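Enquirer: Below you'll find the structure I mean.
The values are calculated or read from the model by the stated rules, or taken from the named source; none is laboratory data. Predicted, not measured: the structure shown is a model, and the values here were computed from it. Cβ placement follows ideal geometry from the backbone for every residue including glycine, while neighbour counts extend to all protein chains displayed. Calculation scope for accessible area: heavy atoms of the full protein, side chains included, ligands and nucleic acids excluded. Shrake-Rupley method; radii C 1.70, N 1.55, O 1.52, S 1.80 Å.
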Amino acid sequence: MALVFLFAACGGTAPSLSVNPATATVTAGDGPTSFSAALSGASGAISWSLSPDLGTLSSSTGPSVNYTPPAAVASEQTVTLTASAAGLSASATITVEPRTTDVAGTLTDIFGNPLAGKRVVVPGRAPVTTGADGGFSFSAVVVPYTVIAENSSSQYTVFEGLTRSDPRVFFFGGSSAPYHASGTGTVSGTHAGNTLSIQYAGDGGAFTGTYGSNAGSTNISISATMYKPAVSADLFALEWTTDASGNADDFVARGKRPGVTLNDGDALSGLDLTLTSLSTATHDLSVQFAIPAMLTTRTLAASVKLSPVGVPAWGSLTAIAHPANPEAVFRAPGDRNFRMTLTGTFRDADGNDSVVWVTTPATSSSAAATVPEPPILYEPADGAAGVTPATGFAWNGPDNVICMLHFVNLSFEVSVFTTAKQTHLPDLSAFGTSYPSDADFEAQVVCYRFDGLYGSDLDLFTSPDLIPFVFLRLGAGIGMPLTDSGLQMAGKKYTLTTAP
């Protein structure tokens, strides 16, 4: 005030500070909005602050600043942007509106086959029933949003934190992939007593098969698993000798048939290949997994991938070891065009299995991977009673993963997928359903990461264009993961009791 009185006594203009624009309305997830401050009648550095701390500023000082709203808000929020300088302050009021999207999704089984006549809910909306194509829709849904789907009055699946407008959500269960194709052929140049592997992998499907080689030529048949109606890829062959344990010992020959196209329902013939000798020598490749004290090693496996980098492929399983320690030595073909995927399966004291895998060029002499601790529920406590949809579930475990809370007994099952480390059981009242009263349930958290494909992005996980979850989950479980690195970590199973 003394400064103002001094200017008034001298006939001057009082210092002032203003922010332009004084008001703004933005949508969550939008790009930056610019604000500027004008200081007159005084000098000094301008600083900026937000209240509440919702969104980000490009800088904390300077004559102008860019405000970027948060990626999502559940409801309309008001943020005050304040400029300060020379003992003065001025503010702008920013209204952050929720981002909405029209959702047109698909409900499938775990293989990607559409499920018709099932009810789906976005919380706060009335249930809708899926059509013949498994489709469902909701208009103007605030993102991120949750989808709850009902397979039956006792089986539900939940996907939390979605933002995409076309999610493919699914239930566990189903009989087979939606598309299939087969073919037969002859591989020439094979050697009696050797092992022959055939690989096929492209956008939309994959196959790998192993045969006993005959002298001169070996007949093969393929049955491709397809999640799209057409696939075009190269067909590869790899031959090796085995040691006394049945593991690969010496890689001797390879073959390739380029540009094989498979359409749904195909039964092709003439898928012939000719082997040529490998010009590189087989060598040892050692692998070591660093594991937490709570886990023990079950198996270590090696598989060779011949497909191009970035193409999801099962590879050829060439060796399985059962070492007491999490390390082993495998044989590798040494060809710079090949890759070796090393997979470790580990078990906790309660019999829960986890899988971690890593891929290295076949020319490598060693590979290593670190196994994180499995996810462990710490809320509610093991043996807790009175569980309801209001009960909070929380766990620790790996970062940057997709987690599934599995809440199940012999007659009721709920699966909740989330990228957070906490959740609640879904409120099923919109379906006219409630949880069985005073019933014992088993609760377990399982975490997944398939690097280069889903990662920890739930929107990618529910993409209708990517590989259905089951193909990756099962492949990793048998030591032949489709991706080059990733993990499946299973936590301890807790016993919980629902409210009376």
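Enquirer: What lysines does LYS305 reach when the alpha-carbon gap must be under 18 Å and sequence neighbours fewer than 8 apart in one chain are set aside?
Expert: LYS256
Enquirer: Please list the three semi-axes, largest first and in whole Å, of the ellipsoid equivalent to the stretch 244-287, using sqrt of 5 times the eigenvalues of its alpha carbon gyration tensor. Show your work: numbers first, answer last.
Expert: On the way: eigenvalues 191, 43, 23 Å².
So the equivalent ellipsoid measures 31, 15, 11 Å along its semi-axes.
Enquirer: Specify the inter-centroid distance of the stretch 66-102 and the stretch 115-162, based on alpha-carbon positions, in whole Å.
Expert: Between the Cα centres of the stretch 66-102 and the stretch 115-162 lies a distance of 32 Å.
Enquirer: Report the calculated FRET efficiency for HIS322 and ALA126 (r = Cβ-Cβ distance, R0 = 51 Å), to the nearest 0.05.
Expert: On the way: r = 54 Å, r/R0 = 1.06.
Step by step, r from the Cβ atoms, then E = 0.40.
Enquirer: Taking the chain on its own, what percent of its Cα-Cα pair distances exceed 28 Å?
Expert: Values: 80203 of 124750 pairs.
Looking at the chain, the distances longer than 28 Å represent 64 percent of pairs.
Enquirer: For the stretch 240-257 and the stretch 451-500, what is the separation of their C-alpha centers, rounded to whole Å?
Expert: 31
Enquirer: OK, next. For SER51 and ILE478, what does the FRET efficiency come to when R0 = 56 Å and r is the distance between their Cβ atoms, rounded to the nearest 0.05? It would help to have the intermediate numbers written out before the result.
Expert: Values: r = 54 Å, r/R0 = 0.97.
Given R0 = 56 Å and the Cβ-Cβ separation, E is 0.55.
Enquirer: Going down the table (LYS421/LYS493; LYS118/LYS421; LYS421/LYS492), which pairs top 21 Å between alpha carbons?
Expert: Numbers: LYS421/LYS493 16 Å; LYS118/LYS421 29 Å; LYS421/LYS492 15 Å.
Violating the 21 Å limit, Cα to Cα: LYS118/LYS421.
Enquirer: Please report the orientation-averaged projected area of the stretch 126-214, defined via the convex hull of its C-alpha atoms, in nm². The partial results should precede the final answer.
Expert: Values: hull surface 39.0 nm².
Result: a mean projected hull area of 9.8 nm².
Enquirer: Which peptide among 436-449, 49-62, 186-199 comes first, and what is the full order, when sorted by highest mean count of other Cβ atoms within 10 Å? It would help to have the intermediate numbers written out before the result.
Expert: Values: 436-449: 18.3, 49-62: 13.5, 186-199: 20.0.
Taking the mean over residues of other Cβ atoms within 10 Å, the ranking is 186-199, 436-449, 49-62.
Enquirer: Still on this model: Output the direction-averaged projected area (hull surface divided by four) of the convex hull of the alpha-carbon atoms of the stretch 328-411, in nm².
Expert: Details: hull surface 34.9 nm².
Its average projected convex-hull area is 8.7 nm².
Enquirer: Taking the alpha-carbon set of the stretch 39-162, what are its Rg and Dmax in Å?
Expert: Calculated on Cα positions, Rg and Dmax stand at 22.7, 72 Å.
Enquirer: If you don't mind, another one. Looking only at the chain, where both bridge partners belong to it, what percent of the DSSP beta bridges are antiparallel (to the nearest 5)? Don't skip to the answer; put the middle values down first.
Expert: Working: 146 of 169 bridges.
In the chain, approximately 85 percent of DSSP beta bridges are antiparallel ones.
Enquirer: Compute the Rg to Rh ratio over the stretch 372-450 from the alpha carbon atoms, using the Kirkwood formula for Rh, and round to two decimal places. Before the final figure, lay out each step's value.
Expert: Details: Rg = 12.8 Å, Rh = 13.3 Å.
Radius of gyration over Kirkwood radius for the stretch 372-450 works out to 0.96.
Enquirer: What is the Cα radius of gyration of the stretch 364-500 over 2.2 N^0.38 Å, N being its residue count? Could the numbers behind the result be given before it?
Expert: Values: Rg = 16.6 Å, N = 137, 2.2 N^0.38 = 14.3 Å.
This ratio for the stretch 364-500 stands at 1.16.
Enquirer: If only Cα atoms are counted, what is the Rg of the stretch 25-91, and what is its Dmax, in Å?
Expert: 12.8, 42
Enquirer: Just the number: Rg to Rh for the stretch 89-156, Cα atoms, Kirkwood Rh, two decimals. Before the final figure, lay out the partial values.
Expert: Numbers: Rg = 16.7 Å, Rh = 13.7 Å.
Rounded to two decimals, Rg/Rh equals 1.22.
Enquirer: Could you sort 78-91, 116-129 so that the peptide with the highest average Cβ count within 10 Å comes first and the rest follow in order?
Expert: Details: 78-91: 17.3, 116-129: 15.7.
Final packing ranking: 78-91, 116-129.
Enquirer: Now, a different point. Can you put VAL329, VAL141 in order of accessible area, largest first, using a 1.4 Å probe? Please list the in-between numbers first.
Expert: Details: VAL329 95, VAL141 5 Å².
In descending accessible area the options line up as VAL329, VAL141.
Enquirer: Taking just the alpha carbons, could you work out the radius of gyration and Dmax for the stretch 176-250, both in angstroms?
Expert: Radius of gyration, then largest Cα-Cα span, for the stretch 176-250: 13.9, 42 Å.
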